[in-house]
Amino acid sequence: MTTKNHVAINNEEVCRSSAPAQPDGVPLWQTESPNLRFKELLKFMRMSKSKAYELIKGDPDFPKGIPLYDGDRSPKIYRLTDAQAWIDMRSNKRRGQ
């Protein structure tokens, strides 16, 4: 069955959305976890990888990654609440508050 927002692919219905989605139709940045991987952070904030690296180096308020284990090359996770707070801070700053 195909509806306006769903398309049948290989006999499975897939939800169409403007945001990239996981196989279950949930946008990649919308997870059940309060933590984001770097790629999910980029999708949530809708920014390029190069801009994120620029902000990591230059903006002390940009969300800090939390290393998953000790080591220089440890993958990092980012808290969704920190990302939302940074966006709110930027929005308030732009409005002059």
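The values are calculated or read from the model by the stated rules, or taken from the named source; none is laboratory data. Since the structure is predicted, the reported quantities are computational estimates derived from the model, not experimental observations. Using ideal geometry, Cβ is built from the backbone for each residue, glycine included, and neighbour counts are taken over all protein chains shown. Areas reflect the complete protein model, heavy atoms only, side chains present, ligands, DNA and RNA absent. Shrake-Rupley method; radii C 1.70, N 1.55, O 1.52, S 1.80 Å.
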Counting only DSSP loop positions in region 29-77, the chymotrypsin sites (Phe, Trp or Tyr not before Pro) whose Cβ has at most 10 other Cβ atoms within 10 Å are Tyr69
What order do Lys57, Lys64 take when sorted by accessible area (1.4 Å probe), most exposed first? Lys57, Lys64
For Lys64, go through the lysines and keep the ones whose alpha-carbon is under 20 Å away, minus same-chain ones fewer than eight residues off. Lys39, Lys43, Lys49, Lys51, Lys76, Lys93
